[in-house]
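Structure, as C-alpha cells:
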Amino acid sequence: MKLLHAFTFALVLAIPSTARSGDPDTDGDGLPDFQEIHKYGTDPAKKDTAGKGTPDGDSHQRREFTYSIRAVVRVMPPYNLKELNDDYQDVRVISETNDYAELEVVVYPLNTNADAIKGNPNWKKDYAGMTEYLKPGVTTNWDEAMRNDLLRELAKDGIDPDKLTDKEVVEQVSRWLFRRSKFRNMFCTFYVEFRDGKPQVVAGLDKQFEKDRGDKSWSVEEQFDHELFGRQMFANKTHGTCTSTAVLQTTVLRALGIPTRMILCIPLADGNDPAQLQMIEKGLTHHRMRRDIGFGVSASRGFTSHTFLEVFVDGRWRRLNYNTLGQNVVDRSYLGLMVHVHTFNDLSEANLAATWGARFAKGQRDEVFKFSNPYRLMEVSDHFGKYAKAPNPRPGELKTVTIGRAYWAGSKESPTGLPDSYRTAPSDGSGRLFLHANEWLEDGDGYLQYKVFLSKADPEFVLTAKDQPDVKIRLSGPYLTDTAHNLCELEVIIPKEDFAKLAKGVAYTLHPQNGHKGYQWRVADKLTVTRE
C-alpha cells in the first residue's frame, strides 16, 4: 500500500501544480505560460522550442534552456507533497516510507519570477472569493477588532491599503509591521500540538519548551500570546523566530484581505554533516551557485529550517520572505538554497511538533538521519542546458587570511566598535586572546565568507619565544565581523594550564600550522603576542 501511495504521487507531481490549477498553457505542452517564460526559458507558443522533436514538457528537455540544480533529498514528515511543484522547483517522489519521503527536486535559480510582479489595483474585489486563505485560523486568529486597530494604526502612519495595489500593500505593510514589532529570541512553536483547536505542549517536550521561552516568568499561556497567536502578538507588538514571525505576518495580511499561506523550506543539505557539504563542493559546477549555496549551508548548522510566506499578488502565489517580495530560491543569507517541503494555511495544521519538534527537543539521531536535522542530501548535480545562455564567472573566495594584530580581552589595544562581551577577560586563570583578520571581499558577506574559510582552514597555531617552551593554541570557534568598524575578530581561549606556560612580558611570535591544503593563514610582519 505504501509503494502504491508513493507511485501515485510520483505520477501527479511530474506535472507542475500550477498547470493543474488553470494557468494558461497556450501550446498545450503541460507547462504554464508563466513558467515557460520565467522559470524554464522556453517559448510558451511552441510545444517544441528547440524544434528537435522533443516537447518542452519532457522533464529533461525543459532543463535545456536554462541552468538548473538536481538533488535527491530525504525528508522526515510532515510535508505537503501536493504543493511542492511551484515557480521555482519541480518535484518527483522517488519513494515514501513511514519515516521519510525521498524526493527528486529540480531547482531553477536563474528564474525571473520577481521581475514579473506588477501589482493589481483591484485586488480586494478579485481575491474576495479566496476565503480559504483569508479567514482566521487557530493561530492566524484575526478578528474585526484587530482589523480596525490595524487600519487605524496604518492610517496614522500614512498607509491606506484601499489606495494601494496588492504589491504595495504587501511591501509597505510588511516593512511597517517589523518596525512596529519587537523580536524576542524564543522558539517554542515546534513543541506545540493542537487538539480541538487548542494548543498544548507535547508531552515529553516540556523541558525544551521551558528552555526556549522568551521570558522565564511567563506562563505557558503568556508564551502563546507572545509567540503563537497572531492577534495577541499584534497586540503585544512582539514575535519570535521565523515560524512565529510567519504567523504574525499572515494574520496581519489576511486581516487586510491579502490571501496568504505559509511555506517551510530546508537547506539543500544538513550543514552538520561534512560529507553532505562535500557533495555540494563536488556536485555543483556553477561557481557562484556553489559558493553561495556553500555559504548558506555552512551557516545553517544546528537545527535549521525557514518558515515564511506565499502571498497571492498580481494574480499568482508569490514568495514573501519578511520584507522581500519575490524571494529567490538561492540566497546565501537564507539557507543557501531553499528547498520547499511543506505548505500550510495555519500552524495548527502543520503537525510539526510530533516529528520535527520531538527530534530537536530530544536530540534524536538514527541511521536515516544521522545528524540533528530531519533531512539529508543523497545526491546533487547541476546542468547547463544546451540552449541556455548562463555565464559562469568565478566569484571571489577567501583562500588566504592574514592575522594583522593580536590583543588580549580587556586590554587597551581592543579596537573601536568591539562589543562589551568581547572585552571581558576570564576570571578562572585561562587566557582570552583575539586575532584580527585583515581580508575582506567586496562582493560577499564577510561573516559567511569567514564561516566557510574557518570550516576549511587549520585552526591550530603555536606561540614561540627564545628560551621558552612552545605553547599550542587553537581557534575556539566564535568570531565577529563588523563591516562598519572593519572588524573580523577570531577568539582563542587558552586553557589555564597552557596560559600559565606563557612567560609574562615576553614577546611570542605566532605560527600557523596550515595543515589543510588550499586554505592558508599568514601572519603580519613583526606581530607578537605578549602576556601582560
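Bear in mind these aren't lab numbers, they're just calculated from the coordinates by the rules spelled out. Because the structure is predicted, anything quoted here is derived from the model rather than measured. Heads up, the Cβs are rebuilt from the backbone with ideal geometry, glycines too, and the neighbour counts pull from every protein chain shown.
Computed from Cα atoms, the angle from the helix 144-156 axis to the main principal axis of the chain rounds to 60 degrees. Highest mean first, the peptides 149-159, 420-430, 315-325 sorted by other C-beta atoms within 10 Å per residue fall in the order 315-325, 149-159, 420-430. Ignoring everything except DSSP H segments at least 4 long, calculate the 222 nm mean residue ellipticity for the chain; use -39,500 (n - 2.57) per segment, divide by total residues, nearest 500. Helix contribution divided over all residues of the chain: -6500 deg cm²/dmol. For the listed residue pairs K399/K451; K156/K237; K451/K496, the alpha carbons are over 18 angstrom apart in K451/K496. Among [x] 82, 61, 51; [y] 77, 56, 45; [z] 87, 56, 54, which is the computed Cα extents along the principal axes in Å? Only one listed value fits the structure, namely [x].
Separation of the alpha carbons by more than 30 angstrom is noted, of K82/K370; K370/K456; K47/K82; K135/K163; K167/K282, for K167/K282. Helix 2-13 axis versus longest C-alpha principal axis of the chain: approximately 80°, rounded to the nearest ten. Against the main long axis of the alpha-carbon atoms of the chain, helix 242-256 sits at an angle near 40°. Think of the range 67-207 as having a plus end and a minus end, set by charges on the Cβ of Lys, Arg, Asp and Glu; of L103, C188, N85, C188 sits farthest toward the positive end of this dipole.
About its Cα centre, the dipole of the chain is roughly 1120 debye, where the only charges are +1 on Lys and Arg Cβ and -1 on Asp and Glu Cβ.
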